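Each reported figure results from applying straightforward, stated rules to the coordinates on display, with no laboratory input. In this text the structure is predicted, and so the values were computed from the model without any measurement. Neighbour counts are summed over all protein chains in view; Cβ atoms, including those assigned to glycine, are modelled from backbone coordinates with ideal geometry.
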Ligand SMILES: *Cc1c(COP(=O)(O)O)cnc(C)c1O
């Protein structure tokens, strides 16, 4: 049996997504979903689209959605590609821009996928699937951007890597980066740079203009986190039409489902509703930060809808289990660089208060 499967596939260490348990009453703060539902108008548009038309294929190119997004970002529709979540687009970028390495993992910069670490743990998995070489570049101990370094960029950085992923603001650290420092980094690159802005709506700045001004920079966005549409799987990428065309060549014919397109279009017509929610999330983020710091947690400043914390007392993995006993689910990463931390998604105010109470209970029990 074993030789039916490619050795590369047998040896893969697959990406592990956060759990989606169905436990009644669970306070779910482990996968950065938005605590607020989509706008009632978005739900209404999706409901209205559920009829006999489901027998038809959806628009293969997401024409209307791309036009609406192009108007929003002040670019052309051929500078945008929509994906089945931005995860699909990240995988497509690896396939479009990176050469697989020769057996044994040898190869030059053309085979290299690079990102800071810790960062989104899907990137190394995507590189491995493609047979590319993954190059992790450590962040500073406080998870800030490494010092820019000389002409070549930060230490350990390869400006010629075929593809570089920068999560901005970063996950799982929550750290935000300025447009100016991202611009500086992009200018040091000859390969493609993807700025993964999955959490940008909770941040102070975005870097969309870099995708519109540099021919080698792509910005990715998703409707999952800020726009409460994880289930619908809609992400998009913006950049130079030559790079977008390259991605388009390897896109599956009907990669984006029809109801997702309807939901995303309706979302763009109701942005006011979402902007109010961003404000609420940021307020709860400040509240939770203050309260946890009061209990002795180290909390890293966040520009996202989650916080990375170092809990006091018992090890982080114990905290995960103790909170779980109290029906609160957060995220713990086994990876050594961050195994002392928990990542906590920002929920509602009530959920934040319940988390603080539970944490107090765990500390009292010792
Ligand atoms: C959640 C997330 C994504 C993927 O979002 P989709 O649901 O696939 O659109 C991409 N990048 C980062 C850093 C994320 O956290």
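What shape does the stretch 229-276 have by the C-alpha gyration tensor, where a ≥ b ≥ c are the square roots of the eigenvalues, rounded means a/c under 1.5, and otherwise prolate means a/b greater than b/c and oblate the rest? Taking the square roots of the gyration eigenvalues as a ≥ b ≥ c, the stretch 229-276 is oblate. Computed log10 I(q)/I(0) for the stretch 233-352 at 0.11 Å⁻¹: -0.60, from the Debye equation with unit scatterers placed on every C-alpha and solvent omitted. Just to confirm my numbers, what's the Cα centroid distance between the stretch 181-240 and the stretch 258-309 in Å? Here the two parts' Cα centres lie 18 Å apart. Expressed in Å, the radius of gyration and Dmax of the Cα atoms of the stretch 86-174 are 12.9, 37. Running Debye on the stretch 58-206 with equal point scatterers at the Cα sites and no solvent, what base-10 log of I(q)/I(0) appears at q = 0.09, 0.12, 0.15, 0.16 Å⁻¹? Rounded to two decimals, the profile gives -0.30, -0.54, -0.83, -0.94.
Value of Rg to Rh for the chain, rounded to two decimals, is 0.97; Kirkwood radius and Rg both from alpha-carbon coordinates. Arranged from fewest to most other beta-carbon atoms within 10 Å of their beta carbon, 208, 92 become 208, 92. Convex hull volume per residue, computed on the Cα atoms of the stretch 282-364, equals 82 Å³. Volume of the convex hull of the stretch 24-79 (Cα atoms only), normalised per residue: 175 Å³.
As a proxy for reagent exposure, 62, 230 were ordered by neighbouring Cβ count within 10 angstrom, fewest first; the result is 230, 62. Using a cutoff of 8 angstrom between alpha carbon atoms and counting only pairs six or more residues apart, the relative contact order for the chain works out to 22 percent. Calculated from the alpha-carbon coordinates, the stretch 263-322 shows an Rg and a Dmax of 15.8, 47 Å respectively. With viscosity 0.890 mPa s and temperature 25 °C, the Kirkwood radius over alpha carbon pairs of the stretch 194-267 converts through Stokes-Einstein to a diffusion coefficient of 184 µm²/s. Classify the stretch 178-229: rounded, prolate or oblate, from the alpha-carbon gyration tensor (a ≥ b ≥ c, eigenvalue square roots; a/c under 1.5 rounded; otherwise prolate if a/b is larger than b/c)? Cα axes put the stretch 178-229 in the prolate bin.
Highest mobility in the GNM of the chain, judged by mean-square fluctuation with C-alpha springs under 10 Å and restricted to 136, 24, 40, is found for 24.
Classification of the stretch 169-294 by its C-alpha gyration tensor yields an oblate form. The axis ratio a/c (a ≥ b ≥ c) is 1.5 or more, and b/c is at least a/b. Considering all C-alpha pairs of the stretch 1-132, those separated by over 19 Å amount to 71%.
If you run the Gaussian network model on the chain, springs between alpha carbon atoms under 10 Å, then out of 342, 259, 90 the most flexible one is 259. Neighbour counts of C-beta atoms inside 10 Å place 95, 276 in the sequence 276, 95, starting with the fewest. Taking every DSSP beta bridge that has both ends in the chain, the antiparallel portion is near 45%.
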